[in-house]
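Engineer: I'd like to ask you about the structure that follows.
The values are calculated or read from the model by the stated rules, or taken from the named source; none is laboratory data. These numbers come from a predicted model, not from an experiment. Because the Cβ atoms are built from the backbone with ideal geometry, glycine has one as well, and the counts that use them run over all protein chains shown. What goes into the accessible areas is simple: the full protein's heavy atoms, side chains included, and nothing from ligands, DNA or RNA. Shrake-Rupley method; radii C 1.70, N 1.55, O 1.52, S 1.80 Å.
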Amino acid sequence: MVASLLAAIAAPTLASAQVRPDSVRKDTVRISVPVPPLGVDTLPKRTIASDSSVFAREVARTDSVKRFIAGDTIKAPLARFERPDDFESSPRLRFSREEILSSGAVNLADLLDRVPGVTTYRSGWIAGVHAAAFAGDTRRLRLFVDGVEMDAIEPRNGGTLDLTDVQLWTLDELVVERAAGEVRVWMRTWTVQRTTPYTRADIFTGDLNTNAFRGLFARRWRNGVLLQLGGQQVATQSGRVNAFTGAESSTGRSDGTVQGFMARIGWSKRRLSVDLFANAMGRERDAHTAREGFTDLLRYKGSRRDAYLRLGYGDTLRGFWSQALIGVVRTRLEGVGDPSAETDTTVIVETDTIRGRTQQVLSAGYRTSRWAVSMTDRVRPINGMAFHAPAVRGRFGGLRYAIGAFAEANGADSTRRVDLSARAQPFSWLIFTGAQSTRTPDSATARVGGSTLRAEAAFRVGRLWLGGGVIRDDATSFESPVILGTPTALLSSVAAQGVLVSATGRLYKDVRVDVQAIRWDGSQYNRPQLHVRTEIALISDWRRKFPRGEFSINARIWHELRDGVPFDYGTAAGSSTPDVRITERANVVTGLLELRIQRATLFYQYRNLTGGAYEQIRGITMPPAVQMYGVRWEFWN
């Protein structure tokens, strides 16, 4: 039996040994997949009509493969104007597009509330008057869009910009440059770099019959061409209609409509780009009836249109760059009220006016990681004369120490400005900042020059930065803000000193706090003595629960405390005593909740949670409480 078993095992072995080794082939089954060369049309030629459906399917399949292979690509960005260097102790005054949208700001005034020394004024909700001043002077707050300065040319506003004309939804970035003597806001408009088409829709509603829609579209092609379109329509209650008679009565609360449109076409390749941008705003606002004994605000119907053509080379973030811009602004004030004779307390109201102005900007600079320098010249033709505004900007230093300078001789307002800034961080937990500014108006302007000095320090406790400092402003003079209903006048202020207090950072995990307070040694025209803004926010993506980032929460609550603001209304009737009216103390709490799910963001905002009456312009009562809610939804498709 054993012998039989061994014979059975040995038989196959002996048989295999008799096979010649070179007669055995490996298992070499192969599948040949032809790979056509790139760019060669490999579709079979179809000439029979019955094969047309098969041919169409093959064409569609081939096109889809080509689109998949090409995929979404990033094209060279359009030119960006030079962003000012940061000499702050924290980046809290630099806002990206997402930070602007999630801040709860309805317009620029809401963001400027975060800047110590800036006072904002509102006559109502979205369509009302919105203005701001630094140290009481509205002209010490300057706005720039892609390097073109927004000029306040509307005669009715008296040289003050209505911040309702600034459309935050059109911006990619907003940077507040807080020099010692003035505040400059640099805004960069929205551009796309991806070739995948982009669309976004915002829909929101709320109290005061607030209804709004906003839509955006952008497309970038592979040859570098870009197209962007956007528009919005916002309406608040413009009157109450009687359900029985159909009669309409005005609410007298600055209600109305706000329309906005933007468009851009452009092209870029490597370091060269050219684009044409246009932005239009149309507003209609009801008159605002003030309390008895105070000044009413007239109704308004008009528009503002800004546009520019830009040619740029290089990137302002590194290396050599240069830009040339031609900007134009046109405002129209349609018939609103009748002109009245000018008296001591009444100004002439100009109706049916059209104003326009051009601005040419030439700039060039060079930037490295250690130093940067740039030169700019703005030319404004006004009444047949060309007014130049040459400026130079420089910076030297790194992360630990940096100094900067800005000098400008503005021919449009006949004022020379020099700003010096410095920042030092000798230790990781300690930061010093300082700034000094001088203003020298031409003697023909009748304005008084002066200087402003600011010094601050901040130290870190855990993840929280605590800071403080002082600011000293010399005696100066400035125009009264007639946009707020005050008469035309040249106001004077004495030298003042203020104390700054701040707290910024994380309290616990994703809970953040931002406290900014300034207290002057006395109140002056258009400026409160004490102004405190406190914000607590929970901002989190909850990556442990949602590792792919498909959900986030943004919950904020902020409180603003402001002392009474004095306004000058000329002289009292039959007396030489100045008519000074001081607003009531404002104490306002606002809440915001946003939930993002994938690309959709649901938001709810409640302004003035306590519902108490308050004012920011004397005699003009703000809405007691306003709720607003809606959705922002964007698509890449």
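Engineer: Kindly check whether there is at least one residue in region 506-525 that is at pLDDT 95 or above, more than 28 Å from Thr590 (Cα to Cα) and out of contact with any Leu (no Cβ under 8 Å at 6 or more places or on another chain).
Structural biologist: no
Engineer: Further question on the same structure: Let me spell it out: the conditions are (1) more than 19 Å from Glu82 (Cβ to Cβ); (2) modelled with pLDDT of 95 or more; (3) open to solvent by 20 Å² or more (accessible area, probe 1.4 Å), and Lys301 meets all of them except one. Which number is the exception?
Structural biologist: If we test Lys301 against (1) more than 19 Å from Glu82 (Cβ to Cβ); (2) modelled with pLDDT of 95 or more; (3) open to solvent by 20 Å² or more (accessible area, probe 1.4 Å), just (2) comes out false.
Engineer: Restricting attention to region 603-622, which residues are part of a loop (DSSP other than H, G, I, E, B) and closer than 24 Å to Ile536 by Cβ?
Structural biologist: Of everything in region 603-622, those that are part of a loop (DSSP other than H, G, I, E, B) and closer than 24 Å to Ile536 by Cβ turn out to be Asn608, Leu609, Thr610, Gly611, Gly612, Tyr614, Met622.
Engineer: Within region 361-380, which residues are open to solvent by 60 Å² or more (accessible area, probe 1.4 Å) and not hydroxyl-bearing (Ser, Thr, Tyr)?
Structural biologist: Within region 361-380, Leu362, Arg370, Trp371, Val373, Met375 qualify.
Engineer: How many of the residues making up region 424-443 are open to solvent by 40 Å² or more (accessible area, probe 1.4 Å) and closer than 24 Å to Phe406 by Cα?
Structural biologist: The first filter runs over region 424-443 and keeps only residues open to solvent by 40 Å² or more (accessible area, probe 1.4 Å), leaving 426-429, 432, 436, 438, 440, 442-443.
The next check asks that each one be closer than 24 Å to Phe406 by Cα; those that pass are 432, 436, 438, 440, 442-443.
Residues that pass the stated criteria total 6.
Engineer: Okay, next question. Condition (residue is charged (D, E, K, R) and at pLDDT 90 or above) applied to region 57-80: is it met by at least one residue? Step through it out loud before you land on a result.
Structural biologist: Just the residues of region 57-80 that are charged (D, E, K, R), to begin with: 57-58, 61, 63, 66-67, 72, 75, 80.
Still in the list and also at pLDDT 90 or above: 80.
Yes; the residues of region 57-80 include at least one that is charged (D, E, K, R) and at pLDDT 90 or above.
Engineer: From the list Gly564, Gly570, Gly619, exactly one residue is crowded, with 19+ Cβ neighbours inside 10 Å and touching a residue at least 40 places away in the same chain (Cβ under 8 Å). Which is it?
Structural biologist: Gly619
Engineer: Within region 481-514, which residues are crowded, with 17+ Cβ neighbours inside 10 Å, of a type in the set (Val, Ile, Thr) and under 25 Å from Leu464 (Cα atoms)?
Structural biologist: Thr504
Engineer: When region 389-423 is examined, which residues are found to be open to solvent by less than 50 Å² (accessible area, probe 1.4 Å) and of a type in the set (D, E, K, R)?
Structural biologist: Those that are open to solvent by less than 50 Å² (accessible area, probe 1.4 Å) and of a type in the set (D, E, K, R): Arg393, Arg395, Glu408, Asp413, Arg417, Asp419, Arg423.
Engineer: If you don't mind, another one. Among the candidates Ser492, Ser451, which residue alone is of a type in the set (Gly, Ala, Ser), assigned to a strand (DSSP E or B) and either free of Cβ contacts under 8 Å to residues at least 60 places away in the same chain or farther than 28 Å from Val392 by Cα (or both)?
Structural biologist: Ser492
Engineer: Being on the phi < 0 side of the Ramachandran plot, aliphatic (A, V, I, L, M) and at pLDDT 95 or above: is that true of Ala503 here? Talk me through it step by step, then tell me what you get.
Structural biologist: Values: on the phi < 0 side of the Ramachandran plot: yes; aliphatic (A, V, I, L, M): yes; at pLDDT 95 or above: yes.
When the stated conditions are applied, Ala503 passes them.
Engineer: Within region 468-480, count every residue that is at pLDDT 95 or above, of a type outside the set (D, E, K, R) and open to solvent by 20 Å² or more (accessible area, probe 1.4 Å).
Structural biologist: Qualifying residue count, region 468-480: 2.
Engineer: While we're looking at this one, here's another question. With region 98-208 as the region, which strands (runs of 3 or more DSSP E) entirely inside it contain at least 2 residues that are of a type in the set (Ser, Thr, Tyr)?
Structural biologist: 118-122, 198-206
Engineer: Let me ask you something else. Evaluate the following for Arg220: is it open to solvent by 10 Å² or more (accessible area, probe 1.4 Å), touching a residue at least 60 places away in the same chain (Cβ under 8 Å) and among the charged types (D, E, K, R)?
Structural biologist: no
Engineer: Which of the residues belonging to region 575-602 are open to solvent by 80 Å² or more (accessible area, probe 1.4 Å) and either assigned to a strand (DSSP E or B) or on the phi > 0 side of the Ramachandran plot (or both)?
Structural biologist: Ile582, Asn587, Ile597, Gln598, Leu602
Engineer: Select from region 73-129 the residues that are β-branched (Val, Ile, Thr) and touching a helix residue (DSSP H, G or I) at 6+ places or on another chain (Cβ under 7 Å) and write down the one among them that is surrounded by the fewest Cβ atoms within 10 Å (Cβ to Cβ).
Structural biologist: Ile100
Engineer: For region 238-277, which residues satisfy the criterion of being open to solvent by less than 60 Å² (accessible area, probe 1.4 Å), part of a loop (DSSP other than H, G, I, E, B) and modelled with pLDDT of 80 or more?
Structural biologist: Ser254, Asp255, listed by residue number.
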